[in-house]
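K.L.:
First, the structure itself, so that you have it in front of you.
No lab work stands behind these numbers, since they all come straight from the coordinates. Predicted model only: the values in this text are computed from it and were never measured. Cβ coordinates were reconstructed from backbone atoms using ideal geometry, including for glycine residues, and neighbour counts include every protein chain displayed.
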Amino acid sequence: MVPIKFLVVPCSATYSCILGRPALNSLGVVPSTVHLKLRYHEPDDRVVTIHADDKALKR
């Protein structure tokens, strides 16, 4: 587990969460802006892929 400080902002946005590079690096995340995905390894060596919401991006 990696502790991350974050700020909650009461507004409507297409993002659920915005993480900076230090957080992504400490989590071992591999971002792909071309494919709109994030990938990272779980402690049990599973690879997790988070996909962007295409519909929200086209609004």
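K.L.:
Give me the three principal axis extents of the stretch 1-45 from the C-alpha atoms, as integers in angstrom, largest value leading.
P.N.:
Reported extents, whole Å, longest axis first: 36, 28, 18.
K.L.:
Expressed in nm to one decimal, what extension gain is obtained for the pair Ile4 and Ile18 from 0.36 nm per residue of sequence separation less their Cα-Cα distance?
P.N.:
Length difference between fully extended and current span is 3.9 nm.
K.L.:
Which peptide among 40-49, 17-26, 4-13 comes first, and what is the full order, when sorted by highest mean count of other Cβ atoms within 10 Å?
P.N.:
The most tightly packed comes first, giving 17-26, 40-49, 4-13.
K.L.:
So between Ser26 and Ala52, what do we pick up on full extension, going 0.36 nm a residue minus the alpha carbon distance?
P.N.:
Extra length from Ser26 to Ala52 when fully extended: 7.3 nm.
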